[in-house]
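First up is the structure itself, then whatever we jot down about it.
The values are calculated or read from the model by the stated rules, or taken from the named source; none is laboratory data. For clarity, every value in this text was computed on a predicted model and none was experimentally measured. Cβ placement follows ideal geometry from the backbone for every residue including glycine, while neighbour counts extend to all protein chains displayed.
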Amino acid sequence: MNMKLGKMALMTGVAAITMTVGAQAANAADNVISAADLPLVLAQNVPPPAGGGIGNGELAARVQALEDALASRDERARSDRTRLSTLEQQYNYASLTYDNGRPTFQTGDGRFTMSLRTRFQTDFAGFSQDTQPASFGGPRDLATGLGVRRAYFGIEGKAYNDFAYEFRLNLGGSGVEGIELSKAVVHYIGIPNWHFSMGILEPAFMLENTTSSGNLMFLERPETVNIGSDVFGGGDARRGIEVGYAKADVFRSGDALNATVYFTGGKSHSAAGHGNNGDEQTQILGRFGYRLWSDGPSNLAVGTSLAHVFNSGTDAGGGTPTINLQDRPQIRVDGTRLVSTGGINAQTADMMAFDLAGNYQNFYLGGEWSQFTLDRRCGLPTVTFNGGSCAGQLFTATADNPTFEGFYVHASWILTGETKPYTVAALNNEIGGFQQPVPSRPFSLAGDSWGAWELVARYSDIDLDWNPRRVASTTQLAGIVGGRERIIDLGVNWYMNRNVKLQIHNSFVKVSKGTAALPSRDSQDLNIVGVRLQFAN
C-alpha cells in the first residue's frame with residue numbers, strides 16, 4: 001500500500017513538471033513570430049528578431065503606426081478626389097457678382113465673363129432769345145422741352161482671356177428716339193499693353209472724347225470736339241479698326257504713355273458717304289497722350305490728335321464729295337445748328353489738335369485747340385471758270401484750302417474733396433483722360449450724407465468763317481460764312497452715388513453770323529438752361 005502510494009506521488013510530480021515546461025515553451029513560441037507568418041506590408045517593416053525577439057507591446061506600437069500611416073494616406077486620397085471633383089463641377093459653373101450696379105456673370109475658371117450695361121440720360125432745355133428784326137435770317141424760337149439724349153443697353157466681357165467684346169444698342173437720340181447700333185466690337189488683348197479691335201468703335205480722339213458720355217462734366221462736348229469727331233472719323237458708332245498701346249511707368253515712376261490709331265469709315269446708323277460715283281467715306285486718325293507727372297490723386301498730361309480724310313464720301317445729289325462743319329449750341333433738345341459752313345466741295349481734309357490738362361487734388365483745369373483744313377476743289381464739270389486759281393484746271397483740282405479753328409478751356413472744383421481719377425488704359429474710349437469723381441459718401445437721408453458736389457465752368461469758341469467778304473468769280477471760290485459761336489457754360493453737378501447724377505447748367509451763347517454783304521445780319525445772343533438726370537452702371 002505504501003509502495004503504491006509512493007508510485008502515484010512520483011507520477012504526479014513528473015506530470016506537473018512536464019506541464020510547467022510545456023507552458024513555458026508555448027509562451028516562448030508565442031513571443032517569436034517569423035516574418036514569413038506576417039502579411040507582406042508588415043513583413044517589410046518588421047526587422048528579423050534579435051536576441052530573444054521583441055515584446056508584444058513594441059509589436060503593437062509598430063502595427064498601430066502602420067495603421068495610422070495607411071489611414072492618413074487614405075484621407076489624402078479622399079481629399080484629392082474631393083478637390084478634383086469640385087474643380088470639375090466649377091469649371092462650367094457661372095457665378096454672379098453685383099458691383100457698382102453692374103451684374104457680371106463669370107465662369108468658374110474666370111476665362112469667360114459677361115456684364116450687363118445700361119446708361120440713361122434725360123434732358124430738359126429752356127431757351128431764352130431776344131426779339132429779332134424782320135431782316136433776321138437765323139432761328140427765332142428754339143424749342144424748349146424734354147428729350148432722351150441716350151438710352152444704352154448692352155453687354156461686355158471677355159472670352160478665353162485673350163479676347164474681349166462689347167455690344168450696345170442706343171434707343172435715345174437728339175430729338176428722335178429709335179434703335180441704333182451704337183457699338184459692336186471684338187478686341188484681342190493677348191499681348192500685354194496692346195489691344196487690337198474691329199467693328200463699331202468709339203474712337204478716343206481729342207481730349208473730351210477720352211471721357212465717355214456717362215462721365216462728362218458738361219451736358220455736351222464743345223463744338224470743336226464734335227466737329228472734329230464727326231467730320232474726321234471719330235464720334236459714336238463708327239465702323240473701323242483700332243490698334244492701341246497703353247502703359248504706366250514707362251520712362252519713370254508716375255508717367256503713362258498711350259497711343260491709339262484708327263482707320264474708320266462711315267457711321268453705323270447713316271448711309272451718308274456711300275452714294276454712287278464715289279468711294280466710301282474713309283479716314284485715318286489717332287491720338288497720342290502722355291502723363292507727365294502723377295503723385296496718385298494729382299496728375300498732369302498732354303496730348304495731340306491728328307486726322308486725315310481720304311474720301312469724304314458722296315452726297316445724295318450727283319455724287320459730289322462734300323464736307324460740312326456744323327454743330328448745335330451744346331444742347332440736343334432742339335437740333336438746330338446755329339453755325340454751319342454748308343456743304344463744301346472737298347474730298348480730302350486734315351486736322352490737328354493739342355491738349356493740356358491736369359488736376360491738383362480736387363481742382364481740375366484743361367483745354368484744347370484744334371484746326372481744320374479742307375482741300376476745296378474747283379467744282380462740277382459743268383461750271384466754266386474764267387479766273388482765279390481754277391482757270392484752266394480740272395474740276396477736281398484743289399482750288400484753295402479753307403481753314404477753321406476752335407478751342408475751349410474748362411475747370412472743375414469738387415466741393416466735397418473727391419478727385420478726378422486719370423485712366424491710363426481701358427478697352428472703351430476712356431484712354432488717357434480724366435473721369436468723374438467717385439462719391440466718398442453716397443447720398444442718403446438716413447445716413448446724413450450728400451454725395452459729391454462739383455462746380456464747373458467752360459469757355460468755348462469756334463470760328464467757321466473763312467474770307468467771308470471775299471468776292472470771287474465763281475460760287476465755288478467764294479468766301480465761307482459759317483459763323484462764329486462763343487459759349488460760357490456754368491454748372492453744378494451732383495453725384496448722388498456712383499450711378500445717379502444730376503446736372504444743372506446755364507449757357508450764355510453769342511452767335512456772330514451773316515452774309516458777305518451783311519456780316520452781322522443773323523447775329524444773336526441767347527441763354528440756355530439745361531438739366532440732365534442720368535443713371536449709368
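Okay, here's what the table says:
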| item | result |
| --- | --- |
| Pairs with Cβ under 6 Å, 6+ apart, first in the stretch 502-528 and touching a residue at least 60 places away in the same chain (Cβ under 8 Å) and closer than 30 Å to Gly451 by Cα, second assigned to a strand (DSSP E or B) and polar (S, T, N, Q) | Gln503/Asn493; Asn527/Ser128; Ile528/Ser507 |
| Filter result (within 15 Å of Asn299 (Cβ to Cβ) and touching a residue at least 40 places away in the same chain (Cβ under 8 Å)) within the stretch 244-261 | Ala246, Ala248, Gly254, Ala256, Asn258 |
| Residue count for the stretch 138-163, restricted to those that are touching a residue at least 40 places away in the same chain (Cβ under 8 Å), more than 30 Å from Ile189 (Cα to Cα) and exposed (fewer than 13 other Cβ atoms within 10 Å of the Cβ) | 1 |
| Verdict on Leu84 being modelled with pLDDT of 70 or more, exposed (fewer than 10 other Cβ atoms within 10 Å of the Cβ) and either within 60 Å of the chain's Cα centre (by Cα) or basic (Lys, Arg) (or both) | no |
| The one condition in (1) touching a residue at least 60 places away in the same chain (Cβ under 8 Å); (2) touching a Phe, Trp or Tyr at 6+ places or on another chain (Cβ under 7 Å) that Gln132 fails to fulfil | (2) |
| Residue among Ala357, Ala349, Ala301 that alone is modelled with pLDDT of 95 or more and within 18 Å of Arg238 (Cβ to Cβ) | Ala349 |
| Filtered residue count, the stretch 507-525, keeping only those that are closer than 22 Å to Ala125 by Cα, of a type in the set (A, V, I, L, M, F, W, C) and surrounded by fewer than 18 Cβ atoms within 10 Å (Cβ to Cβ) | 1 |
| Test: residue in the stretch 130-142 that is at pLDDT below 95, of a type in the set (Asp, Glu) and in contact with an Asp or Glu (Cβ under 7 Å, 6 or more places away or on another chain) | yes |
| Failed condition for Val438, given (1) of a type outside the set (Phe, Trp, Tyr); (2) under 28 Å from Ala411 (Cα atoms); (3) at pLDDT below 90 | (3) |
| The stretch 498-522, residues that are modelled with pLDDT of 95 or more and of a type in the set (S, T, N, Q) | Asn499, Gln503, Asn506, Ser507, Ser512 |
| Strands (runs of 3 or more DSSP E) contained entirely in the stretch 395-495, each with at least 3 residues that are under 30 Å from Gly286 (Cβ atoms) and touching a residue at least 60 places away in the same chain (Cβ under 8 Å) | 403-414, 452-466, 480-495 |
| Residue in the stretch 190-201 that is closer than 30 Å to Ala411 by Cα, of a type in the set (Phe, Trp, Tyr) and under 23 Å from the mean Cα position of the chain (by Cα) present | no |
| Matching entry among Ala204, Ala256, Ala246, Ala237 (being crowded, with 19+ Cβ neighbours inside 10 Å, on the phi > 0 side of the Ramachandran plot and not acidic (Asp, Glu)) | Ala237 |
| Residue list for the stretch 143-172, restricted to those being over 29 Å from the mean Cα position of the chain (by Cα) and either part of a strand (DSSP E or B) or modelled with pLDDT under 90 (or both) | Gly145 |
| All positions within the stretch 194-228 that are in contact with a Phe, Trp or Tyr (Cβ under 6 Å, 6 or more places away or on another chain) and modelled with pLDDT under 95 | Pro203 |
